[in-house]
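Taken together, the values in this text are just the output of simple stated rules run on the coordinates, not laboratory data. A quick note: this is a predicted structure, and the numbers were derived from the prediction, not measured. Cβ sites come from the backbone with ideal geometry, for glycine too, and all protein chains shown count toward neighbours.
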Amino acid sequence: MKLREIAERLGCAVEGDGNVEIAGVAGIEKAGPGMLTFLSNPKYRKLLGTTRAAAILAAPHAGRMPIPVLRSENPYLDFARAIELFHGTPRFEPGIHATAVIANTARIGAESHVGPYCFVDEGVEIGPHAVLHSFVAIYRGARIGEHFFAHSHSVVREGCVIGQRVILQNGVVVGADGFGFARRADGSWKKMLQTGPAVIEDDVEIQANACVDRATVGETRIRRGAKIDNLVQVGHASSVGENTLLCAQVGLAGTTTVGRGCILAGQVGSAGHLTIGDGAVITGQTGLPGDVPAGAQYSGSPAMESRAWKKCLAVFARLPELARTVRRLEKGVAE
């Protein structure tokens, strides 16, 4: 495909030779001849002198380039779109595999694919154009919209509700029992019945081995466009806002409310019954004991505003020196 054809399909302006033949896409470090790459992070600019790529996606303000350029307001997004020009998604033929077990009262929409050893329980409703890859289990009474894609070994538990265009990667569990136990007088624990479903709205993707627990009462809800990374735990009766990102190993204790457009980086942990405001950014390994205001950036454990945390880090690095100074001063006073 010629570079100018890619430019037309992405809506980008071409600088340089638009007749360059592009055979694929790659990152700037690995790109070889015939490859389209991108520059969105300034720290990779130093690689422009050594990249072997044939062309590059770059912002209008990114300056001169040594190779032909597609000027883009969002190079990373347009690179994602370019990948799709060269790597089509696999197509799954409609039909139900002979080894799948489908209850008589289950309803599966037209043009859907149900793969080997899948199980669809009584009263399930699945919209058209769904793909259940293999070993997928859909429990009783679940309701699922169209263009659902469940990779192997994912599970949707009883009564859960899933919207349109939802993707579950391998090993996802939606609607497992929340961690609810009441303590008896003798110190033992009574399991609380988990009656509230997990609700996953449209255009959500949940990645491998993540868990969204059902609620004791009420519901757990993941709102439209949210993206949940591998090994994330969303506790019972929590709510995750629209277009929010929960990165790897985030853990939300029960009844946590996360607003719209938030980013919780890897291994962030929250105490229960707290609220994270819209647009908040929580950096990696932060421990949240309480509420976070909208638009705030928090770091550390216990969490504080990121600017304050950076100042604390500067002090932490000097603690041995400060301790020696204190001991010297104490010795001087004692003498």
Exercise. Specify the inter-centroid distance of region 248-301 and region 321-335, based on alpha-carbon positions, in whole Å.
Key: 40
Practice problem: Among 247, 312, 262, rank each residue by its count of other Cβ atoms within 10 Å, from fewest to most, as a rough exposure measure. | Solution: 312, 247, 262
Quiz item: Looking at the chain, what % of its DSSP beta bridges pair antiparallel, to the nearest 5?
Solution: 15
Quiz item: Where in region 89-150 are there trypsin sites (Lys or Arg not before Pro) that are in a DSSP coil and have at most 16 other Cβ atoms within 10 angstrom of their Cβ?
Solution: 91, 140
Quiz item: Which values of log₁₀ I(q)/I(0), to two decimal places, follow from the Debye formula for the chain at q = 0.06, 0.13, 0.15 Å⁻¹ with a uniform point scatterer at every Cα?
Solution: -0.32, -1.07, -1.18
Self-check item: region 1-69, Cα convex hull volume normalised per residue, Å³
Solution: 76
Practice problem: Provide, for the chain, the number of lysine pairs with alpha carbons under 23 Å apart, each pair being eight or more places apart or on different chains. | Solution: 4
Quiz item: Based on the Cα coordinates of region 1-121, what is the per residue volume of their convex hull in Å³?
Solution: 157
Quiz item: If you take every DSSP beta bridge whose two residues both sit in region 3-86, what share of them, in percent to the nearest 5, is antiparallel?
Solution: 25
Quiz item: What is the antiparallel percent of DSSP beta bridges lying wholly in region 148-234, to the nearest 5?
Solution: 20
Exercise. Please identify every one of the trypsin sites (Lys or Arg not before Pro) in region 1-89 that sits in a loop by DSSP and has no more than 16 other beta carbons within 10 Å of its own beta carbon.
Key: 30, 52, 64
Quiz prompt | Mean-position separation - Cα centroids, region 1-77 and region 95-115, in angstrom | solution = 44
Practice problem: Compute the relative contact order of region 3-86 as a whole-number percentage, counting only Cα pairs closer than 8 Å that sit 6 or more residues apart in sequence. | Solution: 30
